[in-house]
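Okay, structure first, notes after.
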């Protein structure tokens, strides 16, 4: 059942209006629905439900990511929109914040307004 059903991603947010501005306004996701409990977005065929929480402690790892064809172009597009990318000490990222894995994949990280770590990945 799970291998043929559509996947829904979830992310927490303490301020849904701010989350909607980020995910729809800056990232360009389609805003499908808002309620006092969540904002629902669509990214391709995947649904993202950003759920209202009272308190949030961001996790020290990626909670949501996108596979992209051209990571440099995607970064450029998001930088123009106001997204800032994260550089981690000791990761060996380039000047754009891209880390190249031993297998040749490229990854870059950024955060949403609540500090959730998000990523872009270009697979080799």
query = Taking only the alpha-carbon atoms of the stretch 58-124, what semi-axes of the equivalent ellipsoid follow from 5 times the gyration tensor eigenvalues under a square root, in whole Å, largest first?
reply = 17, 15, 12
ask   = In whole Å, how far is the Cα centre of the stretch 1-32 from that of the stretch 61-76?
value = 15 Å
remark   = Taking Cα atoms, the helix 71-81 axis meets the longest principal axis of the chain at an angle in degrees (rounded to 10) of 50 degrees
request  = Tell me the Kirkwood hydrodynamic radius of the stretch 1-64 in angstroms, computed as one over the mean inverse distance between distinct C-alpha pairs.
outcome  = 12.4 Å
message = If the elastic network links every pair of Cα atoms under 10 Å, which of 101, 45, 62 fluctuates the most in the Gaussian network model of the chain?
response = 45
ask   = Any idea what the relative contact order of the chain is, in percent, if you count C-alpha pairs under 8 Å spaced at least 6 apart?
value = 25 percent
ask   = Whole number please: convex hull volume per residue of the Cα set in the chain, in Å³?
value = 129 Å³
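Just so you know, all these numbers are worked out from the coordinates, no wet-lab data involved. Quick caveat: nothing in here was measured; it's all calculated off a predicted structure.
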